[in-house]
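Take a look at the structure set out below.
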Amino acid sequence: MGQLPPEQLKLGRIGFLNVLPVYYPLEYGQVPHSFHLVCGTPAYLNRLMAGGELDLSVVSSIEYARHPERYYVLPDLSISCAGQVKSVLLLSQVPIDELSGKEVLVSAQSHTSVALLKILFMVHRNVKVTCKVGNCSQALMQGTPPAAFLAIGDEALRLGTHELYPHRLDLGEEWFKWTGLPFVFALWVIQRQLIEQWNGSVKTAIESLLEAKRWGLANRQRICQQAAHKGLLNALELEEYYRHLNFDLDRGQQNGLRQFYRYLIQIGETLSAPPLEIFSPLASVA
């Protein structure tokens, strides 16, 4: 990835609208920082973090469960919901409970969303489906629409009202109705090795992220007006979307995350549920 100044940390950024309240202030100069931003899908950032190619990043929640020995969780940062999330949707041509025995097309971009789908089918609804990795948008353009598919991120916002799919399941809403707990789709984590080499740049980096989150939430309308230029949603629709997202990591979110990790064991995704080791030397700013 080339040589960077010694104090410039490599920070991963998901290329979806859902992270704008944290990254807009960094990218548009509202919060000073010295990050080198690396953009990609959740799966791509997971891979870079697991390989030690990023210093800190937003990652799929399941990535921490798979490699807890590599990371500390950063304080008070997540992408979560307590009800509808709007950007993680199962779209189906038939009622959801009639999908038993059928194939569901899933994106390779988000490991957490696919795992959550499996939990909801296997543990909650007792519906047996086969998940096949594929490109949902491409299948639709080629005239070979699947019986059902999992849409995430901007794709879900774009295809959520597709006429071929009258049956829709918002995974965040389904989880909350079932468990009564928030669902955490993504976390910000930092390499343990970086903490062991503690220096001032690490403290400054965490402060910058938390300040960016505060600025983003306080200036959400401005962010929505800027994001509307992408043409995916208008400013009012974006404000409605962001009202369903939460960017904290409080006790409720942590409990929801622990429950998700316990279910990962049940569906055979992991062998154990890791403790949440939150690195928080910044009590005054968290």
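The values are calculated or read from the model by the stated rules, or taken from the named source; none is laboratory data. None of these values were measured; they are calculated from a predicted model. Methodologically, a virtual Cβ is constructed for each residue, glycine included, from the backbone with ideal geometry; neighbour enumeration extends over all protein chains shown.
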Of all residues in region 228-256, how many are touching a residue at least 24 places away in the same chain (Cβ under 8 Å), over 22 Å from V59 (Cβ atoms) and among the aliphatic types (A, V, I, L, M)?
3
Select from region 40-55 the residues that are outside any helix (DSSP H, G or I), more than 18 Å from L20 (Cβ to Cβ) and either within 10 Å of the chain's Cα centre (by Cα) or of a type in the set (A, V, I, L, M) (or both) and list them in ascending order.
L54
Based on this model, can you work out whether I265 counts as over 17 Å from V88 (Cβ atoms) and in contact with a Gly (Cβ under 9 Å, 6 or more places away or on another chain)?
no
Which of the residues spanning region 62-99 are under 21 Å from L210 (Cα atoms) and among the charged types (D, E, K, R)?
D76
Would you call S61 assigned by TED's automatic domain parsing to the domain that holds N246, buried (at least 18 other Cβ atoms within 10 Å of the Cβ) and either under 20 Å from the mean Cα position of the chain (by Cα) or among the basic types (K, R) (or both)?
yes
Meets criteria (among the β-branched types (V, I, T), assigned by TED's automatic domain parsing to the domain that holds E196, in a strand (DSSP E or B) and at pLDDT 95 or above) for V31
no
Filter result for the condition that a residue is out of contact with any strand residue (DSSP E or B) (no Cβ under 6 Å at 6 or more places or on another chain), farther than 23 Å from H33 by Cβ, at pLDDT 95 or above and aliphatic (A, V, I, L, M), over I223, I267:
I267
When you look at R158, is it farther than 30 Å from R251 by Cβ, touching a Gly at 6+ places or on another chain (Cβ under 8 Å) and not hydroxyl-bearing (S, T, Y), yes or no?
no
Flagged pairs (Cβ under 8 angstrom, 6 or more apart or on separate chains; first in region 42-69, modelled with pLDDT under 95 and charged (D, E, K, R); second surrounded by 18 or more Cβ atoms within 10 Å (Cβ to Cβ) and in a helix (DSSP H, G or I)) are none
Exactly one of L37, L20 is of a type in the set (A, V, I, L, M, F, W, C), surrounded by fewer than 24 Cβ atoms within 10 Å (Cβ to Cβ) and either touching a strand residue (DSSP E or B) at 6+ places or on another chain (Cβ under 9 Å) or not in a helix (DSSP H, G or I) (or both), and that one is L37
Whether any residue in region 85-96 is surrounded by fewer than 24 Cβ atoms within 10 Å (Cβ to Cβ), among the aliphatic types (A, V, I, L, M) and assigned to a strand (DSSP E or B) is what I want to check.
no
Considering only residues that are in a loop (DSSP other than H, G, I, E, B) and out of contact with any helix residue (DSSP H, G or I) (no Cβ under 8 Å at 6 or more places or on another chain), look in region 125-134 and name the one that is surrounded by the most Cβ atoms within 10 Å (Cβ to Cβ).
G134
Counting only strands (runs of 3 or more DSSP E) wholly inside region 135-241, the ones holding at least 1 residues that are buried (at least 19 other Cβ atoms within 10 Å of the Cβ) and in the same structural domain as E27 (by TED's automatic domain parsing) are 183-191
Please verify whether region 87-97 includes one or more residues that are under 18 Å from the mean Cα position of the chain (by Cα) and of a type in the set (G, A, S).
yes
